[in-house]
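Reading through the structure tokens given below for one structure.
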Amino acid sequence: MNRVVITGMGWITPMGHEIESVWKGLLTGQTGIDYTTLFDASTFPTRISAEVKGFELKKHLGNEIQQHEGAGRSTQFALAACRQAWEMAGLRSDTLDLDRVGIYFASGEGSLDFQAYTQSALSSWQPDSGKIDAVLWAQSAARLMDAIREIEQEPNAALPHLAMLTGARGPALNCLTACAASTQAIGEATEILRRGDAEVMISGGAHSMIHPFGVTGFNRLTALAENEKLKSVLGEDNPRRASRPFDNNRGGFVLGEGSGVVILETLEHAQKRGARILAEIVGYGSTADAYRITDQHPDGTGAVVAMKEALKDAGLSPSQVNYINAHGTGTRENDGNETGAIKQVFGDHAKRIPVSSIKSMMGHLIAAAGAVELIACVLSIRDQILPPTMNLETPDPECDLDYVPNKARPACVEVAMSNSFGFGGQNDTIIVRRFI
Amino acid sequence: MWKRGFTHNDSPFTLLRIHMAKRVVVTGIGIVSPIGIGIENYWSNLLKGVCGIRPISSFDASGFAATVAGQVPEYKIGDYVPKSYRKATKVMARDIELAVIAADEAFKNAGLKSQAYANPSEIDGLRFGCNIGAGLISAELDELTSAMHVARDGNRLDLHKWGIEGMQQLTPLWLLKYLPNMLACHVTIIHGLMGPSNTITCADASSHLAIGEAFRTIQRGKAELAICGGAESRVNPMGIMRYQLLNRLNTCRGVDPSQALKPFDVQATGTVVGEGGGLLILEEYEHAKSRGATIYAELAGFAASQDTYKLTEPDPTGRSYGKAVENALKDARSTPQQVDLLIPHGLGIPSHDRAELEGLKKGLGEHLSRIPVSAIKAQISQLGAGCGVDVATAVLSIHHQTVPPAINTRQTGDIRLNVSDQSRKAPVRTVLTTVYSLGGQNAALVFKAPDEAQ
């Protein structure tokens, strides 16, 4: 089985558009969360989000933008993040066997063509029958909708863009397992390399759900932090205080957007070309809760097994893990369950392992969350420092681990674990290790 | 094992891995298709040449470029879930229902008593994986527009009103109806499957890729069993419109719908969208043998690749497609010579069909003109992520030693194909099924007769 290493990383996040500045922001407790500007959310229960700001694809791709101008918002993030990662890895398409370069991505569905969609629907609505008139709808939609804008919404739309950008012709897959998706994609990409079905894999995720129906969906599920609730609990709805993983006053997650991309290679391939190795991926575990579509398993069984499987896969004992980058969404349910699951896996050692959630600053990037968080783990190993969990002001008796509250902390980090849990009971865990 | 034809890329570790990899067989099948729900209905109609493409009945399609589709016959979802789970069917988009129905059959067919059929469950849920491909699920227009109507300003949606009184019209679980991973989610909950779980969203290639990925999961010993494949319904206004906008639809005006979709035929004029789902139970060989399961076929090879051409068209040279075929055969330690049946994608879109044939020619060489081809989209239409039906067909062809027909493929231009509009008995020992997606993902799977691989 081949060993698999990370040789390149890139991200487009609510806190910035390149690795070092965002990392610095994470270590100094900055925030990417603010009042929502992408649409008029002024009457929505949630009026805050973690938007990517000031992004221009042209700045990242220059003249190569032509093929990608029609790309949807999240695919554009993916392209820019991929370019960064590709360059950091020092890869060049003309020196690679491109049939052995694959992509395993976790792109979310693109945003609806909102104007065309709503106008077609409303103009054909028949209040009496409570149905749309499909004939009127078809006329309207055929006039207002655009073939390319529609096809770019498909969750697999990022793949051809990334393939055209890099020349990758190897195995290409997109998985969309909600909030666990990019951790899963990186884990599965690792398996492809281990088996030898490719030498290089581009992996990670991209997503943007900061649009009216995205926020609606999560608001209806009462999964998001809401402004009025924040005011009643904190006396203000200050966006930077909105995402509160593990805090007793947490009330939901803050929706973010962006992309994280990693370049994975077989160790052999990386060494042969003299690449700089950033870390090694040593363990991966994936499970399903098989419990309920709305709730995580209260016993945390699925999460426990995912972490245990990852440890077993890595051949590591719990005490060898130096840091856990938590899923830590800031919902009442997740943080309590995740804490319980960590205790089940790590036993007495749980209280000695620092656990933090960068969602406190970054927001929740949904399908892209795991990739961004894995990159943070790699940087922690590189710089021997842990990003904090911000806004941890009032301890929750149920959440009693060391969450690296409010301040980054120097630490000896050889092995880091990253957890991602998705709606529908999808659990994925990855373990990275300093390359030795 | 040295017969496999290793490449110079195979490291000693790779060789060891291949040697240690577990063997994987198919022990269960579930099918929901426009020509029937259930294996028996499907298979007998497929062999008889029945076409499932008919005028759309679920909504008035007269305003669309195409008025026909491959629709699944009527069903009651409650018949396919345990009583205790009937309430949850309210939050299932049609795509999810199709997956749940196919899963129910697959479990029964495999003789696996999950918690849906036995208390306590007779399967080890922790060693049972799930990988179900899904499409971009369209929100039900009536439901969403009914809520939007409350917040309308003329034909615009007034977001102010929407925030105050519109969104509240939607059921709290609205979003969960449409997340692609909800197909796998409901199936894992109903049957109690806690092993490695995944959802592939690569349009038409989703099922093949999901099955290939589940195959690898069992090969590397992470599960003994997995349910895998995919399901999708595009028979809704948004689903049809997306294809209409791309000019890929067969307008089919004044034509007998059963003659509409002509895969690889010189007279092909476009595809017909449909709905369906195909799921397989994959099982580690020793596990299947020890429980005395019926083994339909061995899944012997899988490979995937990506075009670098453009978003809306397959690469006309078929380069990557051919590579997927070549690598899947190599993975199965098979040669083009050994292939007895090919089940390609064959959409009846002229430029796509040409590209596909180029790719198949690259992968199969001169054998492309020899190997019997079952171009079944003519009967079942294009099922998107539901192309697991194609894969199930490959497995059934081995099981029944029968080549299904290609009812509408008569004249194929430069590249001659071995097609017949009649099904026929024939030795079917090795089957190749291939697929590509809009977006350029290619996948190929190779199945072998169970005894072939002893």
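The values are calculated or read from the model by the stated rules, or taken from the named source; none is laboratory data. If you're wondering where the values come from, they're calculated on a predicted model, not measured in any experiment. Ideal geometry is used to build each Cβ from the backbone, glycine not excepted, and the neighbour counts take in all protein chains shown.
Within region A:102-154, the residues that satisfy the criterion of being in contact (Cβ under 8 Å) with a residue 40 or more places away in the chain and within 7 Å of chain B (Cβ to nearest Cβ) are A:Ile103, A:Glu109, A:Gln153, A:Glu154. For region A:294-310, enumerate the residues that are within 19 Å of B:Gly129 (Cβ to Cβ) and either crowded, with 24+ Cβ neighbours inside 10 Å or within 22 Å of the chain's Cα centre (by Cα) (or both). Listed by number, the residues that qualify are A:His297, A:Gly302, A:Ala303, A:Val304, A:Val305, A:Ala306, A:Met307, A:Lys308, A:Glu309, A:Ala310. For region B:240-274, the set of residues classified as under 22 Å from B:Ser57 (Cβ atoms) and either in contact with a Pro (Cβ under 7 Å, 6 or more places away or on another chain) or assigned to a helix (DSSP H, G or I) (or both) consists of B:Ile240, B:Met241, B:Arg242, B:Tyr243, B:Gln244, B:Pro257, B:Ser258, B:Gln259, B:Gly274, listed by residue number.
Going by what's in this entry, would A:Gln84 be described as over 19 Å from A:Ala172 (Cα atoms) and either in contact (Cβ under 8 Å) with a residue 40 or more places away in the chain or more than 10 Å from chain B (Cβ to nearest Cβ) (or both)?
yes
Taking region A:14-54, which residues are in contact (Cβ under 8 Å) with a residue 12 or more places away in the chain and within 30 Å of A:Arg273 (Cα to Cα)? Selection gives A:His17, A:Glu18, A:Ile19, A:Trp23. Is it the case that B:Gly229 is modelled with pLDDT of 95 or more, under 25 Å from B:Phe64 (Cβ atoms) and touching a Ser or Thr at 6+ places or on another chain (Cβ under 8 Å)? No: the conditions fail for B:Gly229. A search for C-beta distances below 7 Å between a residue of region B:246-268 that is farther than 26 Å from A:Ile151 by Cα and any residue that is among the small types (Gly, Ala, Ser), counting only pairs 6+ apart in sequence or on different chains, returns B:Val266/B:Gly413. Selection of helices (runs of 4 or more DSSP H) fully inside region A:10-117 by the criterion of at least 1 residues being within 24 Å of A:Ser243 (Cα to Cα) and assigned by TED's automatic domain parsing to the domain that holds A:Asp237 returns A:19-27, A:73-89.
I'd like to check something: does region B:207-225 contain any residue that is closer than 22 Å to B:Tyr85 by Cβ and away from chain A (no Cβ under 11 Å)?
Of all residues in region B:207-225, those closer than 22 Å to B:Tyr85 by Cβ come to B:225.
Subset that is away from chain A (no Cβ under 11 Å): B:225.
For region B:207-225, residues closer than 22 Å to B:Tyr85 by Cβ and away from chain A (no Cβ under 11 Å): present.
Considering only residues that are assigned to a loop (DSSP other than H, G, I, E, B) and either over 17 Å from A:Gln184 (Cα atoms) or modelled with pLDDT under 95 (or both), which ones fall in region B:181-215? Selection gives B:Gly192, B:Leu193.
Taken over region B:390-449, residues that are surrounded by 24 or more Cβ atoms within 10 Å (Cβ to Cβ) and more than 28 Å from B:Gly133 (Cβ to Cβ) amount to 0. Filtering B:Leu173, B:Leu193 for residues that are crowded, with 21+ Cβ neighbours inside 10 Å and within 7 Å of chain A (Cβ to nearest Cβ) leaves a single hit, B:Leu193. Among the helices (runs of 4 or more DSSP H) confined to region B:10-112, the ones with at least 2 residues that are within 13 Å of chain A (Cβ to nearest Cβ) and at pLDDT 95 or above are located at B:94-110.
Identify all residues within region A:135-170 that are over 24 Å from the mean Cα position of the chain (by Cα), surrounded by 23 or more Cβ atoms within 10 Å (Cβ to Cβ) and part of a loop (DSSP other than H, G, I, E, B); write none if there are none. Scanning region A:135-170 gives a single hit, A:Arg169. Looking across A:Gly25, A:Gly8, one residue alone is within 19 Å of the chain's Cα centre (by Cα), of a type in the set (Gly, Ala, Ser) and under 17 Å from A:Gly256 (Cβ atoms). It is A:Gly25.
Just give me the residues in region A:270-279 being crowded, with 21+ Cβ neighbours inside 10 Å and out of contact with any Ser or Thr (no Cβ under 9 Å at 6 or more places or on another chain), in sequence order. Listed by number, the list holds a single entry, A:Ala279. Restricted to region B:86-118, and to residues there that are polar (S, T, N, Q) and crowded, with 18+ Cβ neighbours inside 10 Å, the residue that is nearest to B:Ala297 (Cα to Cα) is B:Asn109. Only one entry of A:Ile281, A:Ile277, A:Ile293, A:Ile263 meets the criterion of being more than 14 Å from every other protein chain (Cβ to nearest Cβ) and either more than 18 Å from A:Ser380 (Cβ to Cβ) or free of Cβ contacts under 8 Å to residues at least 60 places away in the same chain (or both), and that entry is A:Ile263.
Screening region A:221-259 for residues that are within 14 Å of chain B (Cβ to nearest Cβ), of a type in the set (A, V, I, L, M, F, W, C) and in a loop (DSSP other than H, G, I, E, B) and picking the one that is surrounded by the fewest Cβ atoms within 10 Å (Cβ to Cβ) gives A:Leu221.
With within 26 Å of B:Gly230 (Cβ to Cβ), in a helix (DSSP H, G or I) and in contact with a strand residue (DSSP E or B) (Cβ under 7 Å, 6 or more places away or on another chain) as the only criterion, which of B:Val391, B:Val428, B:Val435 stands out? Walk me through it before giving the result.
Details: B:Val428 fails: in a helix (DSSP H, G or I); B:Val435 fails: in a helix (DSSP H, G or I).
From the options B:Val391, B:Val428, B:Val435, the qualifying one is B:Val391.
Only residues that are in a loop (DSSP other than H, G, I, E, B) and facing chain A (nearest Cβ under 8 Å): list them for region B:155-168, please. Reasoning before the result, please.
So in region B:155-168, the residues in a loop (DSSP other than H, G, I, E, B) come out as B:155, B:158.
Passing the criteria: only B:Asn155.
Within region A:180-220, the set of residues being touching a Ser or Thr at 6+ places or on another chain (Cβ under 6 Å), more than 10 Å from chain B (Cβ to nearest Cβ) and closer than 30 Å to B:Gln219 by Cα comprises A:Thr183, A:Ile186, A:Ala189, A:Leu193, A:Gly204, A:Gly205, A:Ala206. Take the conditions (1) of a type outside the set (S, T, N, Q); (2) surrounded by fewer than 24 Cβ atoms within 10 Å (Cβ to Cβ); (3) closer than 29 Å to B:Ser381 by Cα; B:Asp158 misses just one of them, which is (3).
Going by the conditions given, is A:Leu96 surrounded by fewer than 21 Cβ atoms within 10 Å (Cβ to Cβ) and touching a helix residue (DSSP H, G or I) at 6+ places or on another chain (Cβ under 7 Å)? Before you say what the answer is, go through the steps one by one.
On the way: surrounded by fewer than 21 Cβ atoms within 10 Å (Cβ to Cβ): yes; touching a helix residue (DSSP H, G or I) at 6+ places or on another chain (Cβ under 7 Å): no.
No, not satisfied.
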